[in-house]
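Q: Take a look at the following structure, please.
The values are calculated or read from the model by the stated rules, or taken from the named source; none is laboratory data. Computed from a predicted model, the values in this text were never measured in an experiment. Cβ: placed from backbone, ideal geometry, glycine included. Neighbour counts: every protein chain shown.
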Amino acid sequence: MNDILQNTINILIADDHQLVIDGIKSMLSGEPQYNIVAEANDGQQAMNLLHTQPDNYQLLITDISMPVLSGVELCKMVKHQYPAIKVLILSMYNSVSVVKEAVGAEADGYILKNTGKGEFLTALHRISDGGTFFAQDILPILYNQYQK
């Protein structure tokens, strides 16, 4: 039991749609290694939570499009101020410009909101283990960018 507690990943979710937050919480309810510590409805609220107790979080799951402070700007700030915190960006956009922004912000992962539970959990596992994860649908975009 102690090993499970020591390996628990504390998560902050930032999304301006409560239904998305509730869906993530539901998907992770049966996954003891993931603990949702806090939730925010915009990027600034998420940053405020991080400022108060940055050591409380190992992973930020953020929407890319939010009021006040976007997910990309939030990711840039987190990576600059708290580089140990991993960032997974959720988006409904798979356009080249949006994906490039997320990669430029040093996101550890990028998945689309139409992702199923299996791919979502794979992304969390890979990122939590120090890797990266990018949705299958955006891999061609990344590949084409590095070929230029």
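Q: Mind telling me which of the residues D22, D16 ends up being closer than 26 Å to I138 by Cα, in a loop (DSSP other than H, G, I, E, B) and out of contact with any helix residue (DSSP H, G or I) (no Cβ under 8 Å at 6 or more places or on another chain)?
A: Result: D16 is the single residue among D22, D16 that is closer than 26 Å to I138 by Cα, in a loop (DSSP other than H, G, I, E, B) and out of contact with any helix residue (DSSP H, G or I) (no Cβ under 8 Å at 6 or more places or on another chain).
Every residue, every condition in (1) exposed (fewer than 15 other Cβ atoms within 10 Å of the Cβ); (2) closer than 22 Å to F134 by Cβ, yes or no:
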| site | (1), (2) |
| --- | --- |
| V37 | no, no |
| Q58 | no, yes |
| D63 | no, yes |
| M66 | no, yes |
| H80 | yes, yes |
| V98 | no, yes |
| G104 | yes, yes |
| Y110 | no, yes |
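Q: When residues of the stretch 103-121 are filtered for being part of a helix (DSSP H, G or I), under 13 Å from the mean Cα position of the chain (by Cα) and modelled with pLDDT of 90 or more, how many remain?
A: Number satisfying all stated conditions: 2.
Q: Take T115 and decide whether it is touching a strand residue (DSSP E or B) at 6+ places or on another chain (Cβ under 7 Å), surrounded by 12 or more Cβ atoms within 10 Å (Cβ to Cβ) and free of Cβ contacts under 8 Å to residues at least 40 places away in the same chain.
A: no
Q: Would you call S65 assigned to a loop (DSSP other than H, G, I, E, B), of a type in the set (S, T, N, Q), farther than 19 Å from I36 by Cα and out of contact with any Leu (no Cβ under 7 Å at 6 or more places or on another chain)?
A: yes
Q: Is the stretch 4-12 home to any residue that is exposed (fewer than 13 other Cβ atoms within 10 Å of the Cβ), farther than 20 Å from G130 by Cα and without any contact (Cβ under 8 Å) to a residue 24 or more places away in the chain?
A: no
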